[in-house]
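To start, the structure itself, in structure tokens.
The values are calculated or read from the model by the stated rules, or taken from the named source; none is laboratory data. Given the structure is predicted, the values throughout are model-derived calculations rather than measurements. Heads up, the Cβs are rebuilt from the backbone with ideal geometry, glycines too, and the neighbour counts pull from every protein chain shown. The area values use the complete protein model at the heavy-atom level, side chains included, leaving out ligands, DNA and RNA. Shrake-Rupley method; radii C 1.70, N 1.55, O 1.52, S 1.80 Å.
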Amino acid sequence: MLMKHVFAAAGLALTFVAPAVHAQQKYEMKLAYFVGDQHAMSQWLIHWSEQLEKGSGGRLVVKRFPNAQMGPTPQHYDFARTGQAEASWFLHGGTPGRFPLTEIINLPFMVGSSEIGTKVLNDPELRAKYLDAEHKGLKILMLFTHQPGGPHTTKKAIRNLEDFKGLRLRFASPTVRDLVGALGATPVGVPPTEIAEQLQKGTIDGAFMDYGGVGIAFKLGGIVKHSTELYAYVTSFGLGLNEDFWNRLPADLKKLMIDSTTGKEAEVGRAWDGLDVPGKKAIMDAGGEAIQFSKAEMEKVRKIGAEVSEAKIKEYEAKGMPARAVYTTMRQLSDKHAKSSKNFWN
């Protein structure tokens, strides 16, 4: 399967040494995620859970619930928080307004790749000072972004800013919603599992997504006809454990959990970024068209993006949030990691 090859090539081997078995108590871990097992992140979660089982000597028993089997996408954070699941992979934008500081990473042109975004979100100081506190009820193991995305449409091609007018475009988070509106389109909220259906029905005219999502995860080749390569935003996700479950684990299994996700930012990010080429190919092979804005049009888009970012920061500041401090820190980290990471803007 393509996803397995992508992750294998990215070096995502998780190597654990089985701990000395001082207790044979088994711990069942129900893992909920809202996309099918063909998805890039699902492949990582499958491999991760298999390695946890192996590394624990069978004491951790993982039961996976892919493709929103446990329930709708917006509920995945709460599945883990309430204990319905012991672990979940969740979309921050699924519950608008709940993770405002974390979602600053989703503002326009914050990071130029998943590798950069994932490194930024897992900066220890940033997480300890601002981000982890937003994730109440969960022990956060890792935060992620996908590779940058843009609009993919079914009928009308977007070749310049004027072409956004009148289009109904799906967004993934509140910050992307604001960008869609500022560009002149009408933002429409659609859960990931319903995107294909809504596009085919004509309820929406397109979606802001990354190539990996549109071409591979949701298999929209032949449905979307035009892909405008803005690489303008990323969407953020998290992997977390129910706090009570975490507290019940013995010290060696806690260490196993932490070791399984520590230092994996580059590998996971590169794997996501590596989906851009095959994702685009899937769309093009199905008759799609790739579109690039002129330099002048891109400058206009970036200007609009900067205005959206400033408005969002001021909105959060008015609510007493340290939004500008988080924004500035993320910007600095993004610039730092861009020097040694994949960057779609280069």
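Tabulated values for the structure
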read-out	value
All positions within region 13-50 that are modelled with pLDDT under 85, open to solvent by 10 Å² or more (accessible area, probe 1.4 Å) and within 21 Å of residue 265 (Cβ to Cβ)	13, 15, 16, 39
Every pair of residues 6+ apart whose Cβ atoms lie under 6 Å, when the first sits in region 50-73 and is closer than 15 Å to residue 91 by Cβ while the second is surrounded by fewer than 16 Cβ atoms within 10 Å (Cβ to Cβ) and among the β-branched types (Val, Ile, Thr)	68/193
Top-ranked residue of region 56-67 - restricted to ones that are open to solvent by 20 Å² or more (accessible area, probe 1.4 Å) and of a type outside the set (Lys, Arg), ranked as nearest to residue 245 (Cα to Cα)	61
Selection status of residue 131, assigned to a strand (DSSP E or B) and more than 20 Å from residue 227 (Cβ to Cβ)	no
Complete set of residues in region 58-84 that are out of contact with any Lys or Arg (no Cβ under 6 Å at 6 or more places or on another chain) and β-branched (Val, Ile, Thr)	62, 73, 82
Pairs where the first residue, in region 245-256, is open to solvent by less than 80 Å² (accessible area, probe 1.4 Å) and the second is hydrophobic (A, V, I, L, M, F, W, C) and at pLDDT 95 or above, C-beta under 8 Å, 6+ apart	245/29; 245/87; 246/257; 249/257; 253/60; 254/246; 256/52; 256/60
Elements of type helices (runs of 4 or more DSSP H) in region 245-319, at least 1 residues being of a type outside the set (S, T, N, Q) and within 30 Å of residue 84 (Cβ to Cβ)	251-261, 265-273
Selection count where residues are touching a residue at least 12 places away in the same chain (Cβ under 8 Å), open to solvent by less than 90 Å² (accessible area, probe 1.4 Å) and either within 30 Å of residue 153 (Cβ to Cβ) or among the β-branched types (Val, Ile, Thr) (or both), scope region 295-326	12
Among the residues listed as 125, 53, 103, the single one being surrounded by fewer than 19 Cβ atoms within 10 Å (Cβ to Cβ), assigned to a helix (DSSP H, G or I), touching a Ser or Thr at 6+ places or on another chain (Cβ under 9 Å) and among the acidic types (Asp, Glu)	125
Candidate set: region 327-344, residues that are charged (D, E, K, R) and part of a loop (DSSP other than H, G, I, E, B); chosen: the one least open to solvent (accessible area, probe 1.4 Å)	342
Search result, residues across region 74-86 that are more than 11 Å from residue 241 (Cα to Cα), touching a strand residue (DSSP E or B) at 6+ places or on another chain (Cβ under 6 Å) and open to solvent by 10 Å² or more (accessible area, probe 1.4 Å)	none
Long-range neighbours under 7 Å by Cβ, at least six apart or interchain, first residue acidic (Asp, Glu) within region 275-290, second modelled with pLDDT of 95 or more and open to solvent by 20 Å² or more (accessible area, probe 1.4 Å)	285/221; 289/225; 289/226
Subset of region 143-163 (residues that are buried (at least 24 other Cβ atoms within 10 Å of the Cβ) and either free of Cβ contacts under 8 Å to residues at least 24 places away in the same chain or not in a strand (DSSP E or B) (or both))	146, 147, 148, 158
Test: residue 240 is small (Gly, Ala, Ser), part of a strand (DSSP E or B) and farther than 29 Å from residue 310 by Cα	yes
